[in-house]
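Asker: Mind having a look at this structure? Questions to follow.
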């Protein structure tokens, strides 16, 4: 059941994002057939061509269910969603629709549709933003949720919805994921904004790096390591929720210093930084750090890249991409 010619089929929503990229590589290496859902007409050029791509908005739950029936999907990884906290304040209705209404309907459909396998497995990407301004540190799986943004609120609602289904005997697992980065992060995220703009400054393509709160601290890991954690979680015999985090924090200012050092501008960051209060979040969370001990002890997970290595690799990617773009225009 859930097999297609002895090949296990997995569906990934949000396939065009960094998590979809890294997770799909793992699944394909394990012999899976991967169905990818995204809103673009065509998949990201970074994706493996063996992925069966379906253009579909996550709000079209009926279409997603039909796709699962068509391909005999056995595992569903829900990575789609409004992923920006700032965007969730600008568009709370869309955030609710994409981050809660659609995935909760999807999950209900999977377990009530007679044409789908009863043992279909579901993964939900939850977020550390669910903890809000927590007085407990580091946060673990039992830390109370107290979100302070529309993004955090609807991630928390979906996380609880998944927990309820797991309690009823369905295989529904989740990962409470802290910030995780790679060269595929959009430039709307602080890490990629910094790596990209610092690279542009080094190549005389930009003059200023405009930021908000330089002192905010986050638990930053590598997206590839987090994809490995997702896979480990879904290989278990029983569904469970795990925190995925490095347990270490770095500030935005530290991020900036590493990036400037990588381009040979060490100690010169103040020449280029411009602070804009308009970029400060409502209900700013100044610090989040996770305790992933359950994941490490029970599943043997450990991060492979530290924060400095992640930032340096992102800067090197952006430098290379910008140079290639310039040479192609010549």
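What follows is calculated from the coordinates using simple rules that are stated; it is not laboratory data. Keep in mind the model is a prediction, meaning the values are calculated, not measured. Note that each Cβ is placed from the backbone with ideal geometry, even for glycine, and that neighbours are counted across all protein chains shown.
Asker: Does residue 197 meet the test of being over 19 Å from the mean Cα position of the chain (by Cα), free of Cβ contacts under 8 Å to residues at least 60 places away in the same chain and on the phi < 0 side of the Ramachandran plot? Steps first, answer last, please.
Answerer: On the way: over 19 Å from the mean Cα position of the chain (by Cα): yes; free of Cβ contacts under 8 Å to residues at least 60 places away in the same chain: yes; on the phi < 0 side of the Ramachandran plot: yes.
So residue 197 passes the test.
Asker: May I pose another question? What helices (runs of 4 or more DSSP H), lying completely within the range 216-295, carry at least 3 residues that are within 22 Å of the chain's Cα centre (by Cα)? Steps first, please.
Answerer: On the way: elements: 223-234, 252-262, 269-272.
Of the helices (runs of 4 or more DSSP H) lying wholly inside the range 216-295, those with at least 3 residues that are within 22 Å of the chain's Cα centre (by Cα) span 223-234, 252-262.
Asker: For the range 69-76, check the following and say yes or no: at least one residue is farther than 24 Å from residue 233 by Cβ and more than 19 Å from the chain's Cα centre (by Cα). Talk me through it step by step, then tell me what you get.
Answerer: Going residue by residue through the range 69-76, those that are farther than 24 Å from residue 233 by Cβ are 69-70.
Narrowing the set further to residues that are more than 19 Å from the chain's Cα centre (by Cα) leaves 69-70.
Yes, because at least one residue in the range 69-76 is farther than 24 Å from residue 233 by Cβ and more than 19 Å from the chain's Cα centre (by Cα).
Asker: Any residue in the range 106-127 that is in a helix (DSSP H, G or I), more than 19 Å from residue 243 (Cα to Cα) and out of contact with any helix residue (DSSP H, G or I) (no Cβ under 8 Å at 6 or more places or on another chain)?
Answerer: First, pick out the residues of the range 106-127 that are in a helix (DSSP H, G or I): 106-112.
Still in the list and also more than 19 Å from residue 243 (Cα to Cα): 106-112.
From what's left, out of contact with any helix residue (DSSP H, G or I) (no Cβ under 8 Å at 6 or more places or on another chain): 108, 112.
Within the range 106-127, one or more residues are in a helix (DSSP H, G or I), more than 19 Å from residue 243 (Cα to Cα) and out of contact with any helix residue (DSSP H, G or I) (no Cβ under 8 Å at 6 or more places or on another chain).
Results for (1) touching a residue at least 40 places away in the same chain (Cβ under 8 Å); (2) surrounded by fewer than 19 Cβ atoms within 10 Å (Cβ to Cβ); (3) within 22 Å of residue 20 (Cβ to Cβ); (4) touching a strand residue (DSSP E or B) at 6+ places or on another chain (Cβ under 6 Å), shown as yes or no for each residue.
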position: 244; (1), (2), (3), (4): yes, no, yes, yes
position: 250; (1), (2), (3), (4): yes, no, no, no
position: 266; (1), (2), (3), (4): no, yes, no, no
position: 276; (1), (2), (3), (4): yes, yes, no, yes
position: 315; (1), (2), (3), (4): yes, no, no, no
position: 324; (1), (2), (3), (4): no, yes, no, no
